Amino acid sequence: MKTFRLTLAAALLTAGTLAATSAHAQAPLKIGYTDVQYVLAQMPESKQIESDLKAYNSQLESQLKSKTAELEAKYKAYQQGEATMTDLVKADKQKEMQGMQQSIQEFQRSAEQSLQQKQQTLLKPALDKLQKNIDLVANENGFTYVFNSDGGGSPLLLHAPKDGDISDMVLRKMGITPGAVAPIKSGPTTPASTPPAPAASKPKSKK
(Lines give C-alpha, C1' and ligand atoms only; values in the text may rest on other atoms or scores of the structure.)
Protein backbone atom coordinates (compact mmCIF):
# COMPACT_ATOMS: atom_id res chain seq x y z
CA MET A 1 0.00 0.00 0.00
CA LYS A 2 1.07 3.59 -0.38
CA THR A 3 -0.36 6.87 0.86
CA PHE A 4 -2.86 8.46 -1.47
CA ARG A 5 -1.85 11.90 -2.71
CA LEU A 6 -4.13 14.90 -2.51
CA THR A 7 -5.03 14.56 -6.18
CA LEU A 8 -8.20 12.93 -4.92
CA ALA A 9 -9.18 16.11 -3.13
CA ALA A 10 -10.78 18.04 -5.96
CA ALA A 11 -13.04 15.10 -6.77
CA LEU A 12 -15.04 15.95 -3.65
CA LEU A 13 -15.87 19.50 -4.76
CA THR A 14 -19.41 19.88 -6.05
CA ALA A 15 -21.46 22.71 -7.43
CA GLY A 16 -24.72 21.49 -5.91
CA THR A 17 -24.81 23.90 -2.98
CA LEU A 18 -23.43 27.01 -4.63
CA ALA A 19 -25.15 30.29 -3.87
CA ALA A 20 -25.27 33.13 -6.40
CA THR A 21 -26.98 36.51 -6.43
CA SER A 22 -29.49 37.61 -9.04
CA ALA A 23 -26.98 40.23 -10.16
CA HIS A 24 -25.18 37.51 -12.13
CA ALA A 25 -28.12 37.16 -14.48
CA GLN A 26 -28.15 40.92 -15.19
CA ALA A 27 -24.40 41.53 -15.38
CA PRO A 28 -22.30 40.75 -18.47
CA LEU A 29 -21.00 37.20 -18.65
CA LYS A 30 -17.69 36.93 -16.81
CA ILE A 31 -15.79 33.65 -16.71
CA GLY A 32 -12.90 32.84 -14.39
CA TYR A 33 -10.82 29.77 -13.61
CA THR A 34 -8.68 28.42 -10.78
CA ASP A 35 -6.24 25.57 -10.27
CA VAL A 36 -7.78 23.70 -7.36
CA GLN A 37 -4.70 21.57 -6.67
CA TYR A 38 -2.44 24.63 -6.67
CA VAL A 39 -4.62 26.40 -4.10
CA LEU A 40 -5.21 23.31 -1.97
CA ALA A 41 -1.50 22.46 -1.80
CA GLN A 42 -0.77 25.90 -0.33
CA MET A 43 -3.46 25.77 2.33
CA PRO A 44 -1.96 25.20 5.81
CA GLU A 45 -4.31 22.26 6.35
CA SER A 46 -2.62 20.26 3.58
CA LYS A 47 0.56 19.48 5.50
CA GLN A 48 -1.36 18.15 8.48
CA ILE A 49 -3.59 16.07 6.21
CA GLU A 50 -0.55 14.51 4.53
CA SER A 51 1.03 13.83 7.93
CA ASP A 52 -2.11 12.20 9.33
CA LEU A 53 -2.56 10.07 6.21
CA LYS A 54 1.04 8.92 6.33
CA ALA A 55 0.72 7.91 9.99
CA TYR A 56 -2.53 6.05 9.33
CA ASN A 57 -1.02 4.29 6.34
CA SER A 58 1.96 3.20 8.46
CA GLN A 59 -0.39 1.61 10.98
CA LEU A 60 -2.10 -0.39 8.25
CA GLU A 61 1.20 -1.47 6.73
CA SER A 62 2.44 -2.59 10.15
CA GLN A 63 -0.63 -4.78 10.62
CA LEU A 64 -0.21 -6.25 7.15
CA LYS A 65 3.44 -7.07 7.77
CA SER A 66 2.55 -8.73 11.07
CA LYS A 67 -0.06 -10.93 9.43
CA THR A 68 2.30 -11.82 6.58
CA ALA A 69 5.13 -12.69 8.99
CA GLU A 70 2.77 -14.95 10.92
CA LEU A 71 1.88 -16.85 7.77
CA GLU A 72 5.52 -17.16 6.72
CA ALA A 73 6.46 -18.56 10.14
CA LYS A 74 3.60 -21.02 9.92
CA TYR A 75 4.74 -22.17 6.47
CA LYS A 76 8.36 -22.53 7.60
CA ALA A 77 7.28 -24.74 10.48
CA TYR A 78 5.17 -26.78 8.06
CA GLN A 79 8.14 -27.37 5.76
CA GLN A 80 10.35 -28.46 8.63
CA GLY A 81 7.87 -30.98 9.98
CA GLU A 82 6.21 -32.08 6.75
CA ALA A 83 8.22 -35.31 6.48
CA THR A 84 6.79 -36.65 9.75
CA MET A 85 3.21 -35.52 9.19
CA THR A 86 0.38 -37.81 8.21
CA ASP A 87 -1.65 -36.92 5.14
CA LEU A 88 -4.52 -35.82 7.38
CA VAL A 89 -2.30 -33.43 9.36
CA LYS A 90 -0.77 -32.08 6.14
CA ALA A 91 -4.18 -31.35 4.69
CA ASP A 92 -5.24 -29.61 7.90
CA LYS A 93 -2.10 -27.44 7.99
CA GLN A 94 -2.47 -26.51 4.32
CA LYS A 95 -6.09 -25.54 4.82
CA GLU A 96 -5.11 -23.38 7.80
CA MET A 97 -2.44 -21.54 5.80
CA GLN A 98 -4.72 -21.01 2.82
CA GLY A 99 -7.27 -19.47 5.20
CA MET A 100 -4.58 -17.16 6.60
CA GLN A 101 -3.60 -16.11 3.09
CA GLN A 102 -7.19 -15.28 2.20
CA SER A 103 -7.48 -13.31 5.42
CA ILE A 104 -4.42 -11.26 4.45
CA GLN A 105 -5.87 -10.48 1.03
CA GLU A 106 -9.19 -9.44 2.58
CA PHE A 107 -7.36 -7.25 5.09
CA GLN A 108 -5.52 -5.46 2.30
CA ARG A 109 -8.72 -4.74 0.38
CA SER A 110 -10.31 -3.43 3.55
CA ALA A 111 -7.24 -1.34 4.35
CA GLU A 112 -7.32 0.30 0.92
CA GLN A 113 -10.95 1.33 1.43
CA SER A 114 -10.23 2.48 4.96
CA LEU A 115 -7.33 4.65 3.80
CA GLN A 116 -9.47 6.26 1.11
CA GLN A 117 -12.27 6.95 3.60
CA LYS A 118 -9.76 8.42 6.04
CA GLN A 119 -8.50 10.76 3.34
CA GLN A 120 -12.01 11.91 2.48
CA THR A 121 -12.73 12.61 6.15
CA LEU A 122 -9.53 14.61 6.61
CA LEU A 123 -10.02 16.55 3.39
CA LYS A 124 -13.66 17.55 3.85
CA PRO A 125 -13.09 20.62 6.09
CA ALA A 126 -10.38 21.96 3.76
CA LEU A 127 -12.53 21.35 0.69
CA ASP A 128 -15.56 23.02 2.27
CA LYS A 129 -13.38 26.01 3.12
CA LEU A 130 -11.99 26.10 -0.42
CA GLN A 131 -15.44 25.92 -2.02
CA LYS A 132 -16.79 28.65 0.27
CA ASN A 133 -13.99 30.99 -0.70
CA ILE A 134 -14.36 30.23 -4.40
CA ASP A 135 -17.99 31.30 -4.10
CA LEU A 136 -17.07 34.45 -2.17
CA VAL A 137 -14.41 35.49 -4.70
CA ALA A 138 -16.77 34.78 -7.61
CA ASN A 139 -19.62 36.80 -6.12
CA GLU A 140 -17.43 39.71 -4.99
CA ASN A 141 -15.72 40.00 -8.38
CA GLY A 142 -18.72 39.38 -10.58
CA PHE A 143 -17.67 36.05 -12.06
CA THR A 144 -20.69 34.27 -13.51
CA TYR A 145 -18.87 30.94 -13.91
CA VAL A 146 -15.66 29.60 -12.39
CA PHE A 147 -13.95 26.54 -13.86
CA ASN A 148 -11.18 24.31 -12.58
CA SER A 149 -8.04 24.41 -14.72
CA ASP A 150 -5.91 21.70 -13.10
CA GLY A 151 -7.16 18.90 -15.38
CA GLY A 152 -6.98 16.40 -12.55
CA GLY A 153 -10.36 14.82 -13.16
CA SER A 154 -12.20 17.04 -10.68
CA PRO A 155 -15.55 18.70 -11.53
CA LEU A 156 -14.92 21.31 -14.21
CA LEU A 157 -17.59 23.76 -13.07
CA LEU A 158 -16.92 25.18 -9.60
CA HIS A 159 -19.35 28.11 -9.48
CA ALA A 160 -22.51 29.05 -11.33
CA PRO A 161 -25.62 31.22 -10.76
CA LYS A 162 -28.53 29.32 -9.26
CA ASP A 163 -30.90 30.42 -12.02
CA GLY A 164 -28.65 28.67 -14.54
CA ASP A 165 -29.29 25.28 -12.96
CA ILE A 166 -31.75 23.40 -15.18
CA SER A 167 -31.75 20.22 -13.07
CA ASP A 168 -35.31 20.69 -11.81
CA MET A 169 -36.58 21.42 -15.32
CA VAL A 170 -34.98 18.21 -16.57
CA LEU A 171 -36.59 16.27 -13.72
CA ARG A 172 -40.01 17.72 -14.50
CA LYS A 173 -39.52 16.90 -18.18
CA MET A 174 -39.08 13.27 -17.10
CA GLY A 175 -42.18 13.43 -14.93
CA ILE A 176 -40.20 13.49 -11.67
CA THR A 177 -41.03 15.92 -8.86
CA PRO A 178 -37.85 17.74 -7.78
CA GLY A 179 -36.86 17.08 -4.19
CA ALA A 180 -38.87 13.88 -3.93
CA VAL A 181 -35.73 11.89 -3.15
CA ALA A 182 -32.34 12.80 -1.74
CA PRO A 183 -29.72 13.52 -4.42
CA ILE A 184 -27.11 10.86 -5.06
CA LYS A 185 -23.60 12.10 -4.37
CA SER A 186 -20.85 10.88 -6.64
CA GLY A 187 -17.98 9.20 -4.85
CA PRO A 188 -14.33 10.12 -5.36
CA THR A 189 -12.15 8.38 -7.86
CA THR A 190 -8.96 6.61 -6.89
CA PRO A 191 -5.96 8.67 -8.07
CA ALA A 192 -3.58 5.74 -8.24
CA SER A 193 -3.80 2.00 -8.10
CA THR A 194 -2.55 0.39 -4.91
CA PRO A 195 -0.03 -2.43 -5.29
CA PRO A 196 -1.24 -5.87 -4.25
CA ALA A 197 -0.41 -7.33 -0.88
CA PRO A 198 2.77 -9.42 -0.66
CA ALA A 199 1.79 -12.84 -1.91
CA ALA A 200 2.11 -15.48 0.77
CA SER A 201 3.77 -18.74 -0.18
CA LYS A 202 1.35 -21.55 -0.80
CA PRO A 203 2.25 -24.87 0.76
CA LYS A 204 2.82 -27.76 -1.56
CA SER A 205 1.97 -31.27 -0.54
CA LYS A 206 4.41 -33.99 -1.38
CA LYS A 207 3.12 -37.02 -3.17
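Condition first: modelled with pLDDT under 95, open to solvent by less than 70 Å² (accessible area, probe 1.4 Å) and over 20 Å from A41 (Cβ atoms). Can you find one or more residues in the stretch 148-157 that meet it? Yes.
Quick check on K185: is it open to solvent by 60 Å² or more (accessible area, probe 1.4 Å), under 30 Å from Y75 (Cα atoms) and modelled with pLDDT under 50? No: the conditions fail for K185.
One line per residue, one yes/no per condition, for (1) open to solvent by less than 60 Å² (accessible area, probe 1.4 Å); (2) touching a strand residue (DSSP E or B) at 6+ places or on another chain (Cβ under 6 Å); (3) modelled with pLDDT of 95 or more:
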residue: A15; (1), (2), (3): yes, yes, no
residue: Q26; (1), (2), (3): no, no, no
residue: I31; (1), (2), (3): no, yes, no
residue: Y38; (1), (2), (3): no, no, no
residue: G81; (1), (2), (3): yes, no, no
residue: G99; (1), (2), (3): yes, no, yes
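The listed residues are Y38, Y56, Y33, and the only one of them that is closer than 28 Å to L123 by Cα and outside any helix (DSSP H, G or I) turns out to be Y33. Scanning the stretch 100-145 for residues that are aliphatic (A, V, I, L, M) and over 30 Å from Q63 (Cβ atoms) returns L130, I134, L136, V137, A138. Entry remark, the stretch 83-97: residues being among the small types (G, A, S) and surrounded by 11 or more Cβ atoms within 10 Å (Cβ to Cβ) number 1 in total.
Name the single residue, out of those in the stretch 40-65 being more than 26 Å from I134 (Cα to Cα), surrounded by 11 or more Cβ atoms within 10 Å (Cβ to Cβ) and among the hydroxyl-bearing types (S, T, Y), that is nearest to the chain's Cα centre (by Cα). Going through the qualifying residues, I end up with Y56. Going residue by residue through the stretch 142-152, is there one that turns out to be in contact (Cβ under 8 Å) with a residue 12 or more places away in the chain and in a helix (DSSP H, G or I)? The answer is no; no qualifying residue exists. Checking the stated criteria, Q108 turns out not to satisfy the condition of being under 18 Å from the mean Cα position of the chain (by Cα), closer than 18 Å to M43 by Cα and either modelled with pLDDT of 95 or more or open to solvent by less than 40 Å² (accessible area, probe 1.4 Å) (or both).
Residues in the stretch 117-142 that are under 30 Å from Y33 (Cβ atoms), open to solvent by 40 Å² or more (accessible area, probe 1.4 Å) and touching a Phe, Trp or Tyr at 6+ places or on another chain (Cβ under 8 Å): V137 alone.
Going through (1) modelled with pLDDT of 80 or more; (2) touching an Asp or Glu at 6+ places or on another chain (Cβ under 7 Å) one by one, N57 falls short only on (2).
The values are calculated or read from the model by the stated rules, or taken from the named source; none is laboratory data. Bear in mind that the values here come from a model prediction, so they are computed numbers and not experimental data. Virtual Cβ from ideal backbone geometry, glycine too; neighbours counted across all protein chains shown. Surface areas here come from the heavy atoms of the whole protein model, side chains and all, with no ligands, DNA or RNA. Shrake-Rupley method; radii C 1.70, N 1.55, O 1.52, S 1.80 Å.
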